[in-house]
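**Student:** If you scroll down you'll find the structure; I have some questions about it.
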Amino acid sequence: MHTLAPGLADSAVAALVRRAGGNLLVLSAMARSAQRQPSRISAPPSHASPAVHAIAEAIADLPRPERTALAALGLLGRPASVGMLGPGAHGLQQAHLVTIDNDVASPISPFTAEVAAGLLDPDARAALHRKLAELVDDLEAARHLAACGDTDAALARAKAAAALDNRARRAEALLFAVSLPGEHTEADRLAAAEAALAVGRPRSALKVLTGCESLPALILAGHAHLHAGDQARAESIVAALPEPASVSGDMAAEIDRIALLTAPTDSAALVHAVRQRHGNRPDNPGLAAALAAAEAAAKLPGWTASLAVAAATAGRSGDALSARWSAWLLVENLINDGNLTDAAVAAAAAARACTSDHAFSWQTRFLAAQLWCEVLAGQALDSVTDKAVALLDHALPSVARGYASAAASLAEADTGSLRNARYRLNQAGPVPESVAQLLRWVAGEAAWLDNQPQQAAGEVAATPSLVSGLGRITGYWAAHDGAVGVLGDDSDDGLPEAARATVAAWNAATSGGRGAFESAAAAWRDLVRREQVRCLLAAGVHAEGPGEAVPSLEEAERLADEAGLTVLAGRARQGLRKHHIRRDRRGRRAGDELTERERQVLAMVADGEPTRRIAGALGITRETVETHIRAGMRKLGAKTRTEAAVRAAAMSERGP
């Protein structure tokens with residue numbers, strides 16, 4: 001595949017392999033087409049392709065019921081029940097074109113099914129679409145009816161689907177309805193945009209709102225830009241809104257709400273004015289949530305409880321948008337404050353709530369933030385990496401993609417997979433600035449771990465937060481390792497306590513003092529394991545002699561080994577060797593069992609399969625395969641991938 005289409009990403013290759021269903025002729029044709037036009041990876045097949053001609057000839061030899069059933073699978077784009085496909089389904093099974101499991105037929109090659117659908121003449125295609133519309137739910141029926149040109153019937157079925165008590169389906173149905181040809185009222189477009197925002201799809205909301213100039217539409221657009229991470233655009237919309245006093249009723253509250261959410265940290269005057277207009281406890285749940293957000297931004301006493309209550313109240317009132325945004329602000333502020341335990345708990349709870357609402361875009365955001373908290377805490381790095389990589393295999397909102405990329409990259413860098421970490425960072429794509437700060441720090445940290453101190457210290461976040469403190473600390477380490485001109489402001493104002501203690505220790509050390517690194521390490525305990533280890537390393541580096549250095553370095557080595565922080569453990573051993581203490585602790589770590597996927601990958605390594613073939617067979621990227629191999633090596637105490645494969649095979653033969 002990489003010979004045919006060397007420019008394709010591994011994820012695109014995996015998608016093509018799945019779509020081809022093992023047909024090498026089809027796979028070759030699709031690879032060449034995708035190489036010319038990457039956007040056509042999942043596009044309908046071209047009838048000019050030799051592969052399509054060959055498939056079309058084979059399909060033409062099938063009996064009519066089988067041709068119809070295969071074409072139906074192509075139009076559906078998914079598996080279908082045998083009853084829906086009719087008598088041709090079993091014939092397709094005998095022809096090895098579908099598999100049937102629990103009365104559900106799945107095409108072995110989705111591409112072949114698409115070709116079968118493409119062979120239908122327009123009338124037959126329209127008739128099959130209409131037939132399928134009678135057999136599927138309202139939303140899918142709407143798509144089939146639209147495909148055969150029956151816009152009115154499609155609109156009716158889409159609106160019927162929107163009436164269901166399922167937020168995700170409602171959003172999908174309303175968005176589809178306003179995408180149909182014809183005129184759509186602004187009320188319909190506003191409803192679609194609001195539904196899209198409630199399930200975490202701000203870009204879809206903005207697309208629907210294009211051209212709408214009413215006050216409600218502008219306010220919704222402000223929320224959409226804010227949720228998409230475009231603070232500047234949100235602020236520009238707010239600046240153009242009328243004064244709340246010039247409008248009445250709910251619109252005044254909505255203007256104040258978006259103004260509070262886009263206001264700078266110091267917004268005491270605005271908060272006071274809003275409370276004067278609407279009272280200390282506004283009836284509007286969205287406005288009450290925005291006031292809680294302002295308290296959180298200013299770090300007023302009790303802000304965590306205020307945001308938690310705001311999220312719960314908004315949820316009970318049916319305001320999903322305010323509920324989700326309040327929960328997200330709670331998680332993000334807790335992370336910025338360095339309160340990772342509470343942030344992980346809040347993120348997990350919010351993700352569970354999203355499940356019941358089918359708000360999967362929001363859910364991935366919370367899950368990714370939870371993984372970021374766990375990787376900083378040094379909890380089960382191999383498991384966190386697997387979860388983050390699995391999340392990244394799906395299409396994610398930019399915020400979720402940024403957090404998941406940061407979590408996977410940091411875990412991979414800390415466990416020695418520096419090439420994987422760099423690949424992951426390069427694949428993160430554009431993300432909002434708040435998340436970009438995390439990725440910049442991880443990139444710098446990976447460079448430092450890779451003994452590139454000059455590239456380690458990048459731009460430090462301007463607003464004091466956990467990540468800005470971590471960036472400052474990495475800058476001190478980079479300077480210590482020889483980087484020039486990387487240290488900037490040495491202030492610790494506004495940083496979380498542990499970061500403040502570490503910066504103070506470094507400032508003392510760089511001024512000729514010893515620095516209180518041991519007490520700083522204690523502040524990181526149960527918070528960020530890797531920083532606890534780095535403080536102990538710093539204590540050993542700045543100690544006056546072996547009597548003071550060795551205990552700190554030994555504790556750093558022990559903690560790093562326990563957490564799987566391979567590179568930092570190596571740094572600790574390097575420091576110990578300077579004091580003539582040499583030992584090799586390589587060996588299987590107690591309690592670290594191989595995951596099922598790690599066993600599967602190592603078994604294929606033992607069979608002599610190369611990485612690219614393993615990736616294709618399992619439908620994952622080559623980088624993910626390497627992640628599993630390195631995790632297996634680490635858990636088994638193996639120095640090479642072959643040794644890991646042999647040890648894994650021996651374990652399988654012995655059994656549990």
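**Student:** Filter the range 203-220 for residues that are over 25 Å from the mean Cα position of the chain (by Cα) and not hydrophobic (A, V, I, L, M, F, W, C); which is most open to solvent (accessible area, probe 1.4 Å)?
**Tutor:** Glu213
**Student:** Give me a count of the residues in the range 600-656 that are of a type in the set (Asp, Glu) and touching a Leu at 6+ places or on another chain (Cβ under 8 Å).
**Tutor:** 1
**Student:** In the range 388-411, is there at least one residue being modelled with pLDDT of 90 or more, open to solvent by 20 Å² or more (accessible area, probe 1.4 Å) and farther than 23 Å from Trp328 by Cβ?
**Tutor:** No.
**Student:** I need the full set of residues from the range 352-381 which are open to solvent by less than 30 Å² (accessible area, probe 1.4 Å) and either among the basic types (Lys, Arg) or touching a His at 6+ places or on another chain (Cβ under 9 Å) (or both), in order please.
**Tutor:** Matches in the range 352-381: Thr364, Arg365.
**Student:** Would you tally the residues in the range 416-457 being surrounded by fewer than 24 Cβ atoms within 10 Å (Cβ to Cβ) and in a loop (DSSP other than H, G, I, E, B)?
**Tutor:** Residues flagged as surrounded by fewer than 24 Cβ atoms within 10 Å (Cβ to Cβ) and in a loop (DSSP other than H, G, I, E, B) within the range 416-457 amount to 10.
**Student:** Still on this structure: Taking Ala293 as the residue in question, decide whether it is surrounded by 14 or more Cβ atoms within 10 Å (Cβ to Cβ) and either modelled with pLDDT of 90 or more or in contact with an Asp or Glu (Cβ under 6 Å, 6 or more places away or on another chain) (or both).
**Tutor:** Yes.
**Student:** Do we have any residue at all in the range 460-469 that's more than 23 Å from the chain's Cα centre (by Cα) and modelled with pLDDT of 90 or more?
**Tutor:** Yes, the range 460-469 contains a residue that is more than 23 Å from the chain's Cα centre (by Cα) and modelled with pLDDT of 90 or more.
**Student:** Consider Ala69 against the criteria (1) open to solvent by 20 Å² or more (accessible area, probe 1.4 Å); (2) modelled with pLDDT of 95 or more: it satisfies all of them except one. Which criterion is unmet?
**Tutor:** (1)
**Student:** Kindly list, by first and then second residue, each pair from a residue in the range 251-278 that is more than 15 Å from Ala293 (Cβ to Cβ) to a residue that is β-branched (Val, Ile, Thr), limited to pairs with Cβ atoms under 7 Å and residues at least 6 apart or on different chains.
**Tutor:** Pairs found: Ile255/Ile219; Ile255/Val247.
**Student:** So, one more: Quick check on my filter: what residues within the range 221-253 are under 26 Å from Ser398 (Cα atoms) and crowded, with 19+ Cβ neighbours inside 10 Å?
**Tutor:** Ala221, Gly222, His223, Ala224, His225, Leu226, His227, Ala228, Gly229, Ala234, Ile237, Val238
**Student:** When you go through Ser322, Ser306 one by one, which is the residue that is more than 21 Å from Leu371 (Cβ to Cβ), touching a helix residue (DSSP H, G or I) at 6+ places or on another chain (Cβ under 6 Å) and surrounded by fewer than 22 Cβ atoms within 10 Å (Cβ to Cβ)?
**Tutor:** Checking each option against the conditions leaves just Ser306.
**Student:** Among residues belonging to the range 268-290 that are open to solvent by 20 Å² or more (accessible area, probe 1.4 Å) and of a type in the set (Gly, Ala, Ser), point out the one that is nearest to Glu254 (Cα to Cα).
**Tutor:** Ala288
**Student:** Could you list, in sequence order, all residues of the range 606-632 that are without any contact (Cβ under 8 Å) to a residue 24 or more places away in the chain and open to solvent by 10 Å² or more (accessible area, probe 1.4 Å)?
**Tutor:** Asp607, Gly608, Glu609, Pro610, Thr611, Arg613, Ala617, Leu618, listed by residue number.
**Student:** Take the residues in the range 138-159 that are of a type in the set (Lys, Arg) and within 17 Å of Leu75 (Cβ to Cβ), then tell me which one is surrounded by the most Cβ atoms within 10 Å (Cβ to Cβ).
**Tutor:** For the range 138-159, the residue satisfying everything is Arg157.
**Student:** Let me ask another. I need every pair where a residue in the range 544-563 that is in contact (Cβ under 8 Å) with a residue 12 or more places away in the chain has its Cβ under 7 Å from the Cβ of a residue that is assigned to a helix (DSSP H, G or I) and open to solvent by 70 Å² or more (accessible area, probe 1.4 Å), sequence separation at least 6 or different chains.
**Tutor:** Cβ pairs passing all conditions: Ser552/Glu518.
The rows are residues; the columns are (1) of a type outside the set (Gly, Ala, Ser); (2) more than 35 Å from the chain's Cα centre (by Cα).
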| site | (1), (2) |
| --- | --- |
| Gly229 | no, no |
| Thr262 | yes, no |
| Val274 | yes, yes |
| Arg277 | yes, yes |
| Asn280 | yes, yes |
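**Student:** Filter the range 538-567 for residues that are of a type in the set (A, V, I, L, M, F, W, C) and either surrounded by fewer than 24 Cβ atoms within 10 Å (Cβ to Cβ) or not in a helix (DSSP H, G or I) (or both) and give the result.
**Tutor:** Residues satisfying the conditions are Val541, Ala543, Ala549, Val550, Leu559, Ala563, Leu565, Val567.
**Student:** So, one more: Give the residues of the range 74-111 that are assigned to a helix (DSSP H, G or I), under 32 Å from the mean Cα position of the chain (by Cα) and not aromatic (Phe, Trp, Tyr), sorted by residue number.
**Tutor:** Gly74, Leu75, Leu76, Pro110, listed by residue number.
**Student:** Look through Ala195, Ala133, Ala127 and report the one residue that is under 22 Å from Trp362 (Cα atoms) and either at pLDDT 95 or above or surrounded by 21 or more Cβ atoms within 10 Å (Cβ to Cβ) (or both).
**Tutor:** Ala195
**Student:** Still on this model: Hey, does the range 268-281 have a residue that's outside any helix (DSSP H, G or I) and under 27 Å from Ala346 (Cβ atoms)?
**Tutor:** The answer is yes, given that some residue of the range 268-281 is outside any helix (DSSP H, G or I) and under 27 Å from Ala346 (Cβ atoms).
**Student:** Follow-up question, since we're still on this one. With the range 179-260 as the region, which helices (runs of 4 or more DSSP H) entirely inside it contain at least 2 residues that are closer than 30 Å to Ala161 by Cα?
**Tutor:** By residue number, 186-198, 202-209, 215-227.
**Student:** A further question on this structure: State whether one or more residues within the range 490-499 are over 31 Å from the mean Cα position of the chain (by Cα), modelled with pLDDT of 90 or more, outside any loop (DSSP other than H, G, I, E, B) and under 24 Å from Asn451 (Cα atoms).
**Tutor:** No, the range 490-499 contains no residue that is over 31 Å from the mean Cα position of the chain (by Cα), modelled with pLDDT of 90 or more, outside any loop (DSSP other than H, G, I, E, B) and under 24 Å from Asn451 (Cα atoms).
**Student:** Could you say whether any residue in the range 160-181 is open to solvent by 40 Å² or more (accessible area, probe 1.4 Å), among the hydroxyl-bearing types (Ser, Thr, Tyr) and more than 31 Å from the chain's Cα centre (by Cα)?
**Tutor:** The answer is no; no qualifying residue exists.
**Student:** In contact with an Asp or Glu (Cβ under 9 Å, 6 or more places away or on another chain), charged (D, E, K, R) and closer than 26 Å to Met84 by Cβ: which single residue out of Lys159, Lys131 fits that description?
**Tutor:** Lys159
The values are calculated or read from the model by the stated rules, or taken from the named source; none is laboratory data. Remember, predicted model here, so these are calculated numbers, not experimental data. All Cβ positions, glycine included, derive from the backbone under ideal geometry; neighbour counts span all protein chains shown. SASA here: full protein model, heavy atoms, side chains in, ligands and nucleic acids out. Shrake-Rupley method; radii C 1.70, N 1.55, O 1.52, S 1.80 Å.
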